[in-house]
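Student: A single structure is presented below for examination.
The values are calculated or read from the model by the stated rules, or taken from the named source; none is laboratory data. Keep in mind that what you see is a predicted model, and the values were worked out from it rather than measured. In this analysis, Cβ positions are derived from the backbone assuming ideal geometry, glycine residues included, and neighbour counts consider all displayed protein chains. Heads up: the accessible areas ignore ligands, DNA and RNA and are worked out on the full protein's heavy atoms, side chains in. Shrake-Rupley method; radii C 1.70, N 1.55, O 1.52, S 1.80 Å.
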Amino acid sequence: MSDQVLQVNFMCLHAARSYEKGILVLPREFIEQYGEKLPNKVYLYVPSGAMWPGTFVKSSGTIEGLQCMISFYGLKQYNLPLLQYTGGSHFNVHIFNCYAVEIEYALGSIPSKKSTIPTENLMCSHGNLLTQSKFELEILAAALNFNAYNNSDKLWEMKIDRKHLEIKDLHQVLSKEAMTKLNIDKNMGYVDVGFVIKKWKIDLVEDNGNWSFGNCWNDFAKESNLSEGDICIFNNTNKKNSFQVAIFKLKDVSNWNPPKGHELQKSRTCFLHICNKDSLQKGEIVFPRLFMEKYESQLGNAVKLWMAERYVWITVLCVRKNCIFGLQRLQNFYSIKPESMLVFEYFGESTFYLSILGPNGVDILYDRTNKLLLEEVVMESTVGNYMSVSDAVEVHEGMYGKEHISSGDYDMVEGEENSENKIENFSVSLKISHFDEKSHEVYIPRSLVNFYRKWRNRKTVTLSYQGKECEIKGNAEGKRCRLGKGWSHFIGKNDFVVGQRLNFQYLRKTKMLFKVTT
């Protein structure tokens, strides 16, 4: 593989234990593959253009002499560094914060690309996302757990206002909704609230049906360094009436300014997701809250994921839950396991370049030849243009809207995006649930926009299979349409079986007609 097409991504998993020494520990798999080719002097480039020199030590598999860079960006154990080896002595580095998004890179007195002037005396004047609490690392670790793993199961969200910070005996912060969502056992009289290890035992006080936090709330607020406008998100732990709290600091959220608009064509915003059993079972990925707050208005229902081997996976975004659905096929295709890390690089147009790192921290596609680099995609004005000239692209498309959808609702489609001059296709792989006469959950894709505009006036769908037509009633459910009465008769008379794949072609005629093939 030539340097022109080389890009090996890996996460420095042991960064937390090596920051104090000014080193980064490289994965063993990377050293075995590329250790012989690496020179003694290497250079790390951050997206802002700054270059940080380091020394590669083969015997220990480390890059040393990085005290200056670590100090300048205020890196702590919750910061995860992603390195991209591009050949020779060059590494690109992306650093993630406790919100699972890439940090902003300060533009202070830093060495230029061409400069190798020592900067050992450079102090960190740009420390990122730090609290002033003695429990700082625990606070940040809890935030990283929430943001990098899966935050779709949050129980209750509380925005801090001035009255929550007053020194008094009772703080009436528990609404009836909060009590229900937290499923608090009122008879216990207290809850444990805190971070990874440290917890505060906070009394529950009832007054005429209203519940308040009593003793120890003041201590928790003080030690957490809470300020007006901060957000506390309460999540379950393995212990009843015990909650882990992720804190979003207002100053951190408001000060994070990733690239916008056309700037994304030159730079892009990265975020991180760490897979677990729950997210893999659901087939969904939750986008970090901070990323969604900045980019939600730019994102459409269809999200495109570009892969290094020139595949595009198109999935569906549910804005209400900040997550994309229907990823079981992608997960199975790449054999994604718990603790695998997914790195999303966003460059506009609801389009991402997705890198998959195994539990060992190394890109699983590092050895692919003719590897598609993100820069090749970014050079094109739109993904559509690139797809139109690339016959190597395989598209896997899913569909549904912003409303809640379970992973079981999701079906994959192979084809291109909608066009007025093209037949629109979707597919359904028959499952046992599709033979349930009461609720088989076969949905018409929301990608058929024109179909939905006419749906209120046209409530019958016609399916044509082997020249025979069958009329089926449609049940409008919000912005979706489920095939209802007549579906069971259709699959029964045609002797379809579980496991068969039905392909539907929407024919633009006076009636809503779909041609069905297997």
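Student: For segment 1-107, what D do you get in µm² per second when you plug the Kirkwood radius from alpha-carbon pairs into Stokes-Einstein at 4 °C and 1.567 mPa s?
Tutor: For these conditions, the coefficient is 93 µm²/s.
Student: Hey, another quick one. List the residues, sorted by chain then number, that are 5 or more residues from Leu82 or on another chain and whose placed amide H is less than 5 Å from its amide H.
Tutor: Here His94, Ile95, Phe96 satisfy the definition.
Student: Also, quick follow-up: How many percent of the accessible area of segment 8-55 is carbon or sulfur, using a 1.4 Å probe?
Tutor: Carbon and sulfur atoms account for 47 percent of the accessible area of segment 8-55.
Student: Same structure again: Can you tell me the dipole magnitude for segment 172-251 around its Cα centre, using point charges on the Cβ only (Lys, Arg +1; Asp, Glu -1), in Debye to the nearest 20?
Tutor: 320 debye
Student: Let me ask something additional. Name the shape class, rounded, prolate or oblate, that the alpha-carbon gyration tensor gives for segment 14-66, where a ≥ b ≥ c are the square roots of its eigenvalues, rounded holds for a/c under 1.5, and otherwise prolate holds if a/b is larger than b/c and oblate otherwise.
Tutor: Oblate is the answer for segment 14-66, as a/c is 1.5 or above yet b/c matches or exceeds a/b.
Student: Something else about it: Listed highest first by mean packing, meaning other Cβ atoms within 10 Å per residue, what order do 55-65, 234-244 come in?
Tutor: 55-65, 234-244
Student: Could you tell me which trypsin sites (Lys or Arg not before Pro) in segment 189-227 are loop residues by DSSP with no more than 10 other beta carbons within 10 angstrom of their beta carbon?
Tutor: Answer by residue number: there is no such site.
Student: Can you list residues whose amide H is under 5 Å from Gly484's amide H, if they're 5+ apart or on another chain and H is modeled 1.01 Å from N?
Tutor: Counting only residues 5 or more places away or on other chains, the set is Lys473, Gly474, Asn475.
Student: Something else: Which order do the peptides 355-362, 97-104 take when ranked by the mean count of other beta-carbon atoms within 10 Å per residue, highest first?
Tutor: So the peptides 355-362, 97-104, ranked by packing, come out 97-104, 355-362.
Student: One quarter of the convex hull surface, Cα atoms only: what value does that give for segment 164-269 in nm²?
Tutor: 8.8 nm²
Student: For segment 232-346, give the percent of accessible area contributed by carbon and sulfur heavy atoms, probe 1.4 Å, rounded to a whole number.
Tutor: Carbon and sulfur: 49 percent of the exposed surface of segment 232-346.
Student: How large is ³J(HN,Hα), in whole Hz, for each residue of segment 279-292 in order, when computed from phi with the Karplus curve 6.51 cos²θ - 1.76 cosθ + 1.60 and θ = phi - 60°, using x for Gly and Pro?
Tutor: For segment 279-292, the Karplus-derived couplings read 5, 5, 5, 6, x, 9, 10, 8, 6, x, 4, 4, 5, 5 Hz, x marking Gly and Pro.
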